[in-house]
Amino acid sequence: MKRMTRMLMGGSWQGAVMAFCLAACACSLQAKMTDWETLVWSQQDAAGKVDLVVKMFMGGRPADAAAALETLLAEGLGDREMIEAVDKLSPAMRQQWVTDPVTAEAAKKLLDRVEVAASNLRDDQDYIDSVVGRIADGGDARWQAAKRCVQLGEYAVPALVKLLAQTEDTRVRVFVGNTLALMGSRAVRPLSEAVRIDAAAAAAAVCDTLGEIRSELALGALGEVMADAAAQPMVRQAAARAIVRIQATGNRRIAEQTSPAGYYYALADAYLHEAGFTLPTLQGEKLPLWTWSAENGTIERKDVPAALYNEKMAQMCCYAGLRTDRSNTALRALLLSSLFAQKLELVGQFSPEAERAFKMAILAGGEQALYDSLGKALADGDTGLAILACQTLGEVTTGKGLPGDRRGVISNPLLGALACPSRALRLAAAQAIVSQAPTRDQGAFENVDRILPALSWGLLHEMSARNVLVAHPSDAVTATYRELLTGIGYRMTEALTTEALLARCAELPRPDLVIMASSMSDALPALRTVLLGVSVPVLLIHEEGGIPTARTHSLKPSPTLEELKTQLEPVLTGGAEEKLVAELLPNVSQRSAETLASIHAEVAPYRMSEIVPALRQALSYESDAIRIPVLKALGSIGAVEAIPDLLKVARSEEHTSELQSHSFISYAVFC
């Protein structure tokens, strides 16, 4: 209008008319565009609305474009609709929106909203198929589709593998391989299952991609392909290339294996024992497991509780390893360990069906695998798993005694468990030993000379009280501690010298606690060596007026009863373990006494000097269910030194008539 006014004032009425017409047309056109935009906006889907925003921005109207983006966000469109609309934008346009000061804020909100929506759709198979379909279609859209696949991670792998198998286009196959490689370790688990795909070209591409990712988690599957004589040469060659690349950079303990079974064993062991090594990047209450379905020719997914993920993966590796080497005892033992670990995670949540399946798997593994699993648990210091293995061995009874190795040498882990610091573990091992021991009717049995002392060491003699070793050069001090400890239910042994201390600690059963003079503290390193790594708490006795060391617990030479209890309780109480001990103790003691009572002296003439004191000690039990078989055992094995004990029980009016009767019967053996 200013231009038109200037023209009129300048006398050019023709120019003024021309300017007026142009301005009117411009105003009319702008008004029509606004009306048109409003009409079209109301009728368009998300993609159409994004196109309109692009036109506004490219038409020099960034403020209108920003307002339109805010409107788009406020409309509450669905996740998938929003993603597919924004994914059609070129990378250049995205960059312009984000860098323009007028549209930057609204554009960032939109793009953040899209990223959140994409993570919400990782379980939506229709969405995943549509994204992978854009890769198959080619064109510029495949680049953004590849980005979405990388974002989806392992959830997109089955659809991408399916595309690999179906396409004949080499360029698409290469593009898919590159997309999978960009996912990195997140793609390894489902890709490892995909190596068994029928299409040779696709299987080779999968192997090459695993080699590109260079994750040791794929070594088992690749090794299995290499060992499969029925596999296509091109697939076996691709697997060989991948293994070489992974071995150059992978976990040495896994990569140095030389067989598929070895790879699978090392992987399963890592899943069970290397915390954080193989945990998935995904978070949530449930995590995906991937398996190859030969029937459907696809990778199938099953979600499991996150707490069980590593145990389940270990089991899958063990089953895969046994598929290649059915006689591999180490894999069988590790499989049972993973089943035990899974059961420990589900304490109180095991259904009857799950319990039956668990026991069937245990039985299928075999008794030797159970022993191997226990041995590994002991070596790893896994007390919970070792207790469960012992309890299971107690249920799978053979009545043939404890097996030795091929040379006839006893190296049974149940005997090793009797030397462990955990009292609950010792009891569980003892219960299993009792279960393995046969009845008298079966006569002599294998390794009886080791079973019977084990019953005395780990059952009767030890289980009546906690075993405390007091080491002090003063008889007066040890006498004080004996009076206090036995008065509150503990059993005490003493040592007056350092040499005696070390000798006592080398014997079975190990002490539950060592109380020693501070003047003997120089023997602590030697004590740890004698205990063979078994963790036994140590309290120091300091001389009156002496200055305690920086240790948490210290005692006086003559403590009061309350002072002693205050120091012992935090050391010897074990919460849940003590509860398990209370449950196991009566049954184990009774069954061990019954087992000893069932064996004739001529069958078991071994180490009676250790068995008889244990039986005599067991007569102090309050339960007749334990004392009656103990009396039978003393008579059965002909323990002459026990005659005074038998007469004492028989003559005591404090005992029941049934107990007195059994005592007379046992005494009659010697008459």
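Write out, first by first residue and then by second, each pair whose Cβ atoms fall under 9 Å of each other, whose residues are 6+ apart or on separate chains, and whose first residue, in segment 642-660, is free of Cβ contacts under 8 Å to residues at least 60 places away in the same chain while the second is surrounded by fewer than 17 Cβ atoms within 10 Å (Cβ to Cβ) and hydroxyl-bearing (S, T, Y).
Every condition considered, the pairs that remain are A650/S661; L659/S652; Q660/S652.
Can you name the residue in segment 644-671 that is surrounded by 15 or more Cβ atoms within 10 Å (Cβ to Cβ) and of a type in the set (V, I, T) and is also nearest to S623 (Cα to Cα) among such residues?
So, considering only residues that are surrounded by 15 or more Cβ atoms within 10 Å (Cβ to Cβ) and of a type in the set (V, I, T), the one nearest to S623 (Cα to Cα) is V649.
For segment 150-170: of the residues being without any contact (Cβ under 8 Å) to a residue 12 or more places away in the chain and in a helix (DSSP H, G or I), which is most open to solvent (accessible area, probe 1.4 Å)?
Q166
Residues in segment 146-163: is at least one more than 25 Å from A85 (Cα to Cα) and of a type in the set (S, T, Y)?
No.
Which of the residues belonging to segment 493-519 are closer than 16 Å to S558 by Cα and hydrophobic (A, V, I, L, M, F, W, C)?
I515, M516, A517
Looking at (1) modelled with pLDDT under 85; (2) on the phi < 0 side of the Ramachandran plot, which is the only condition G533 fails?
(2)
Need the failing condition index for P101 against (1) closer than 30 Å to S130 by Cβ; (2) at pLDDT 85 or above; (3) within 53 Å of the chain's Cα centre (by Cα), just the number.
All conditions are met except number (1).
Can you pull out the residues in segment 59-102 that are at positive phi and surrounded by 14 or more Cβ atoms within 10 Å (Cβ to Cβ)?
Within segment 59-102, none qualify.
Does any residue of segment 464-487 turn out to be modelled with pLDDT under 85, open to solvent by 30 Å² or more (accessible area, probe 1.4 Å), hydrophobic (A, V, I, L, M, F, W, C) and within 42 Å of the chain's Cα centre (by Cα)?
Checking segment 464-487: not a single residue is modelled with pLDDT under 85, open to solvent by 30 Å² or more (accessible area, probe 1.4 Å), hydrophobic (A, V, I, L, M, F, W, C) and within 42 Å of the chain's Cα centre (by Cα).
Just for segment 235-276: of the residues that are outside any helix (DSSP H, G or I) and open to solvent by less than 60 Å² (accessible area, probe 1.4 Å), which one is modelled with the highest pLDDT?
The residue in question is S259.
Would you tally the residues in segment 317-337 being within 20 Å of the chain's Cα centre (by Cα) and open to solvent by less than 30 Å² (accessible area, probe 1.4 Å)?
Within segment 317-337, residues that are within 20 Å of the chain's Cα centre (by Cα) and open to solvent by less than 30 Å² (accessible area, probe 1.4 Å) number 10.
G133 - would you say it is under 19 Å from T179 (Cα atoms), outside any helix (DSSP H, G or I) and out of contact with any His (no Cβ under 8 Å at 6 or more places or on another chain)?
No: the conditions fail for G133.
If a residue counts only when it is touching a strand residue (DSSP E or B) at 6+ places or on another chain (Cβ under 8 Å), which helices (runs of 4 or more DSSP H) contained entirely in segment 186-234 have at least 2 such residues?
Ranges flagged: 188-194.
Let me spell it out: the conditions are (1) crowded, with 21+ Cβ neighbours inside 10 Å; (2) modelled with pLDDT of 75 or more, and A618 meets all of them except one. Which number is the exception?
That leaves (2) as the condition not met.
Return yes or no: is P421 of a type outside the set (D, E), modelled with pLDDT under 75 and out of contact with any strand residue (DSSP E or B) (no Cβ under 9 Å at 6 or more places or on another chain)?
Against the criterion (of a type outside the set (D, E), modelled with pLDDT under 75 and out of contact with any strand residue (DSSP E or B) (no Cβ under 9 Å at 6 or more places or on another chain)), P421 qualifies.
Filter segment 193-221 down to the residues that are without any contact (Cβ under 8 Å) to a residue 40 or more places away in the chain and within 30 Å of the chain's Cα centre (by Cα) and list them by number.
C207, T209, L210, G211, E212, I213, R214, S215, A218
State yes or no: is A429 part of a helix (DSSP H, G or I), at pLDDT 75 or above and at negative phi?
yes
State which residue is nearest to A156 (Cα to Cα) when the search covers only segment 172-182 and only residues that are buried (at least 22 other Cβ atoms within 10 Å of the Cβ) and either over 33 Å from the mean Cα position of the chain (by Cα) or hydrophobic (A, V, I, L, M, F, W, C) (or both).
L180
The values are calculated or read from the model by the stated rules, or taken from the named source; none is laboratory data. Since we're looking at a predicted model, the values are computed, not measured. Note that each Cβ is placed from the backbone with ideal geometry, even for glycine, and that neighbours are counted across all protein chains shown. Side chains included, ligands, DNA and RNA excluded: accessible areas come from the protein's heavy atoms. Shrake-Rupley method; radii C 1.70, N 1.55, O 1.52, S 1.80 Å.
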